[in-house]
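Working notes for the structure below.
What follows is calculated from the coordinates using simple rules that are stated; it is not laboratory data. As the structure is a prediction and not an experimental result, all values here were calculated from the model. Note: ideal-geometry Cβ built from the backbone for every residue, glycine included; neighbour counts use all protein chains shown.
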Amino acid sequence: MQQSQAQSSREQQHSRKAELVLDAKATLGEGPHWHAEQKKLYWVDIIGGSFHRFDPAAGTNETFRVGKSVGAVVCDAADGEAVILATRDGFERYHCVTGELTPIADPEAHLQDNRFNDGKCDSAGRFWAGTMQDVEEVVTGSFYVLDNDLSCRKVHGDVGVSNGLAWSLDETVLYYIDSMKQTVTAFDYDREAGTIGNPRLAIDFQPEEGLPDGMTIDSEGMLWIAHWDGWQVSRWNPETGEKLDSIYVPVAKASSCIFGGEALDTLYITTASVGLTEETRGAEPHAGSLFACKPGVTGTPTHLFRSDKSFT
C-alpha cells in the first residue's frame, strides 16, 4: 500500500505519463535509435549483450544477440540490414542477416575494465560514443568519434560515465552528459571538422531526483533527459539551465529517450531492471521495457552512420 501511494504521489508531480509499448523486461535497456525510413526503433540491452529492432506498427521486436555488452547502436546508411555498435571491444559492425561481427576500432584495448556506453551520430554521419569503467568506481572513461573514414579519435577525457548527447539546432553546440558528475556540459561544436572545445556547464543535475542518463533534443531546441533512479524524463532549456516539464515513467531507472514516429511526435523511452530484487520488482513490473509518450512537441531526426570506405 505504501509503495502504491508513493508511486501515485510521484505520478501527480508530472504533467504526463509514459505508457508501456513493449514489455521487454531488459536488464539494461538503453541507446534508442529511430530509423525513419524503416519506421523502426533500434535499442540495446547493455548487460543482456544484445540489440533490438522494434516495429511500433506491428508491435514486434527482433532480438540480435552479440554476446558482449553493447552500449549503443546506430544504423549503417549503406546497408539497411547493418548497424554500427559501440561495444566492450570498441566500434564494430554487425550484419543483421548474416550475424557477422566486424571489428572497426578499439581505442581502449588496454583498459580491460572499461566498456563503451551511450552514443549517436551527428548529421555528417560520424559516430560519437564514450566509455566508462564497468563497475563505476573511478573516472577512467573518455569520449571518442568514429569518423567517416573509419578512423577513431579521442575528443574529451576525464569522463566518469559517458552518457547522453545531443546537438543544438544550428549545430554549433554539442551537449554531453557525464552521469557520474551529474552534469550536462556544452561544447562548441564544429560540424565540418567534427571537433569540440570550450566546455562549460549547461545544467547542474545535482538537485534533481536521480542521475542524468540518456538525452535527446526537440524541434524547439529543448533537451529531454532520462532520470536514472528518478522515475521520469524531463525537459530543459539548455540556455538557462531551467527545468521546463517532466513525464512520469512507472520505472525508477529511465535510461534514455528519442523521438520517433512519422511526425517525430512520439518520445520513446528505454528503462532498466538492473538491481531489482524479488521484493522490489513488484513495484516495477515492467522495468526494462519500452515506454512512449506524445509530449506535445516534435523531435529532431536521428542520423545514420556514413562511411567513405566499404566494409566488403
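Observations on the structure shown:
- Note on the chain: with a GNM built from Cα contacts shorter than 10 Å, the maximum mean-square fluctuation among SER168, SER289, SER151 falls on SER151.
- Remark: spin-label model distance THR195-GLU19 equals 4.9 nm, labels positioned 7 Å along the Cα→Cβ axis.
- Excluding exposed DSSP-loop GluC sites (Glu not before Pro) (at most 14 other C-beta within 10 Å), longest clean stretch of the chain: 263-312
- Only DSSP H runs of four or more residues enter the estimate; each adds -39500 (n - 2.57), and after division by the residues of the chain the mean residue ellipticity at 222 nm equals -1000 deg cm²/dmol.
- With a Förster radius of 35 Å applied to the C-beta separation of GLU209 and ASP149, the computed FRET efficiency comes to 0.25.
- The stretch 153-224: C-alpha gyration tensor shape, a/c 1.5 cut-off, then a/b vs b/c: oblate
- Stretching ALA109 away from THR63 to a fully extended chain increases their span by 13.9 nm, per 0.36 nm per residue minus the current alpha-carbon distance.
- 23 Å Cα-Cα reach of LYS294 towards lysines, excluding residues that sit fewer than 8 places from it in its own chain: LYS17, LYS25, LYS39, LYS40, LYS120, LYS243, LYS253
- Its alpha carbons considered, the chain gives a radius of gyration followed by a Dmax of 17.9, 59 Å.
- For LYS68, a cut-off of 16 angstrom between C-alpha atoms picks up these aspartates and glutamates, skipping any fewer than 8 places away in its own chain: GLU30, ASP45, ASP89, GLU92, GLU100, ASP106, GLU108, ASP113, ASP118, ASP134.
- Against the main long axis of the alpha-carbon atoms of the chain, helix 2-12 sits at an angle near 70°.
- Whole-Hz couplings from phi, Karplus 6.51/-1.76/1.60, listed for the stretch 211-224; x for Gly and Pro: 10, x, 10, x, 8, 9, 10, 9, 6, 9, x, 9, 8, 10
- Residues LYS40, LYS243, sorted so that the one with the fewest Cβ neighbours within 10 Å comes first: LYS243, LYS40
- Alpha-carbon centroid distance for the pair the stretch 179-226 / the stretch 93-137, whole angstrom: 20
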